[in-house]
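> Below is a structure I'd like to ask you about.
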Amino acid sequence: MKKDILSYDLDELCSEMDLIGEKKFRAKQIYEWLHIKNVHNFSSMSNIPLSLRTKLDEIYYINCIKIVRRLESSIDNTVKYLYELQDGNHIESVLMEYKHGNSLCVSTQVGCKMGCNFCASTIAGFKRNLTASEILLQVYTAEEESGRHIDSIVLMGIGEPLDNFDNVVRFLKMISCETGKNLSLRHVSLSTCGLVDRIYDLAEYRFGLTLSISLHAPDDRKRSSIMPINNRYNISELIKACKDYISVTGRRISFEYAVIHGVNDTPSDAEKLIRLLKGINCHVNLIPVNEIKERNYHSNRNSLNNFAALLEKGGLNTTIRRTLGADIDAACGQLRREYEI
């Protein structure tokens, strides 16, 4: 069976060259063709001897993903992509335009097993983890199709990034590799629902990325009712891991909070959240919850604004996330689910 060459980092590719009897310097040449010039076949690698190109084609393949649907917002230029993978599965990514540049929200799994009540990604169920190349290809394909340079990346699409830990770490190393795209990880945000053991593991890499914690409730009772992961790792354990992450990395954490009217947006909820996060080097990002037909969840603008004001008054640095791509249902999970029904 041929091997996925696009998922090898540079050191691994050097080892592969050694295994097939080639000079290690060839690895850097091949890596540049794959990750800078983004070629789709070995025959395009013009500075590689024909004999090696033939050998590469016999042993490896260059992975690819296909855009099967593209939606572009008439409001703010947001573009939503539905990709088909080689095995027929589908994932999504969303390209968003900000003043500071273009940001791409990428998926890390086909489906999701976390079961958060307000999320469309989990409804269709979990299929499998994405490989490092399949995560990378969302970036490369979006850049090629749109003609826009991707300035930042958010791992907040379909799937739980820390549940696909090894492939996500490999992706982070590769996207920041100087021989490849060379994107500073300070321009990468990774969102997790709170896999505590993996937060400790991630801290040890000291990547410099922004860790975003999907909190969404200020106490265990409410959080467990909307996020099953809280039954495995409660809020106390999660906050302890967050404090450790800040101590080890020196990086501020972002707490994501989907504001659900009548569920987690009361003044009492605000008071509990202030007490919970007091003294932590963090930022609170309030998110108007995305309405999906299977759930009776929605946000109320007045309640959302009042909630934000209470948090600010309580000393928490708070913002309300700008809604992008509202006319194309840009939240991840919805397009894949509609396409596969």
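The values are calculated or read from the model by the stated rules, or taken from the named source; none is laboratory data. Model, not experiment: these values are computed from the prediction. Please note: Cβ atoms are built from the backbone with ideal geometry, for glycine as well, and neighbour counts cover all protein chains shown.
> Looking only at the range 149-174, how many residues end up being in contact with a Gly (Cβ under 9 Å, 6 or more places away or on another chain) and charged (D, E, K, R)?
The first filter runs over the range 149-174 and keeps only residues in contact with a Gly (Cβ under 9 Å, 6 or more places away or on another chain), leaving 149-152, 157-159, 162, 174.
Okay, now just the ones that are also charged (D, E, K, R), so 151.
So the answer is 1.
> If you take the residues of the range 191-208 that are of a type in the set (V, I, T) and in contact with a strand residue (DSSP E or B) (Cβ under 9 Å, 6 or more places away or on another chain), which of them is farthest from R251 (Cα to Cα)?
Within the range 191-208, the subset of a type in the set (V, I, T) is 192, 196, 199.
Still in the running and in contact with a strand residue (DSSP E or B) (Cβ under 9 Å, 6 or more places away or on another chain): 192, 199.
On the way: T192: 16, I199: 13 Å.
Looking at residues that are of a type in the set (V, I, T) and in contact with a strand residue (DSSP E or B) (Cβ under 9 Å, 6 or more places away or on another chain), I get T192.
> Being outside the structural domain of I20 (by TED's automatic domain parsing) and not charged (D, E, K, R): is that true of S73 here? I'd like the intermediate steps shown before the answer.
Numbers: outside the structural domain of I20 (by TED's automatic domain parsing): yes; not charged (D, E, K, R): yes.
So S73 passes the test.
> Separate question: Would you point out the residue of the range 117-156, among those that are under 12 Å from C105 (Cβ atoms), of a type in the set (G, A, S) and at pLDDT 95 or above, that is farthest from the chain's Cα centre (by Cα)?
In this case the residue turns out to be A142.
> Still on this model: Kindly indicate the residue of the range 107-121 that is in contact with a Gly (Cβ under 6 Å, 6 or more places away or on another chain) and closer than 14 Å to P161 by Cβ and also surrounded by the fewest Cβ atoms within 10 Å (Cβ to Cβ) among those meeting that condition.
If we filter the range 107-121 for residues that are in contact with a Gly (Cβ under 6 Å, 6 or more places away or on another chain), which is where we start, we get 107-109, 111-112, 120-121.
Next, only the ones that are closer than 14 Å to P161 by Cβ stay: 107-109, 111-112, 121.
Values: S107: 28, T108: 27, Q109: 25, G111: 22, C112: 26, S121: 26.
Checked the range 107-121; the qualifying residue surrounded by the fewest Cβ atoms within 10 Å (Cβ to Cβ) is G111.
> If you take the residues of the range 92-104 that are closer than 9 Å to Q138 by Cα and of a type outside the set (G, A, S), which of them is farthest from the chain's Cα centre (by Cα)? Reasoning before the result, please.
Narrowing the range 92-104 to residues closer than 9 Å to Q138 by Cα: 92-93, 104.
Going one step further and asking which of them are of a type outside the set (G, A, S), we end up with 92, 104.
Values: E92: 11, L104: 9 Å.
Here the answer is E92.
> Further question: For the range 43-62, does any single residue satisfy the condition of being assigned to a helix (DSSP H, G or I) and within 30 Å of G101 (Cβ to Cβ)?
Of all residues in the range 43-62, those assigned to a helix (DSSP H, G or I) come to 43-44, 50-59.
Keeping just the survivors that are within 30 Å of G101 (Cβ to Cβ) gives 44.
Within the range 43-62, one or more residues are assigned to a helix (DSSP H, G or I) and within 30 Å of G101 (Cβ to Cβ).
> Suppose the filter is of a type in the set (D, E, K, R) and closer than 15 Å to H35 by Cβ; does E145 pass it? Reasoning before the result, please.
Details: of a type in the set (D, E, K, R): yes; closer than 15 Å to H35 by Cβ: no.
So E145 does not fit the description; no.
> Within the range 176-192, identify whether any single residue is at positive phi and in contact with a Lys or Arg (Cβ under 9 Å, 6 or more places away or on another chain), and answer yes or no. Reasoning before the result, please.
Step one: of the range 176-192, the residues at positive phi are 182.
Now restrict to residues that are in contact with a Lys or Arg (Cβ under 9 Å, 6 or more places away or on another chain): none.
Within the range 176-192 (the criterion being at positive phi and in contact with a Lys or Arg (Cβ under 9 Å, 6 or more places away or on another chain)), the answer is no, since none of the residues qualifies.
> Another question, then. Quick test of your reading of the structure: Y205 fulfils all but one of (1) closer than 16 Å to M156 by Cα; (2) out of contact with any helix residue (DSSP H, G or I) (no Cβ under 6 Å at 6 or more places or on another chain). Name the failing condition by number.
Unmet for Y205, out of (1) closer than 16 Å to M156 by Cα; (2) out of contact with any helix residue (DSSP H, G or I) (no Cβ under 6 Å at 6 or more places or on another chain): (1).
> Look through the range 232-265, keep the residues that are surrounded by 15 or more Cβ atoms within 10 Å (Cβ to Cβ) and modelled with pLDDT under 95, and return whichever of them is nearest to R186 (Cα to Cα).
Going through the qualifying residues, I end up with A258.
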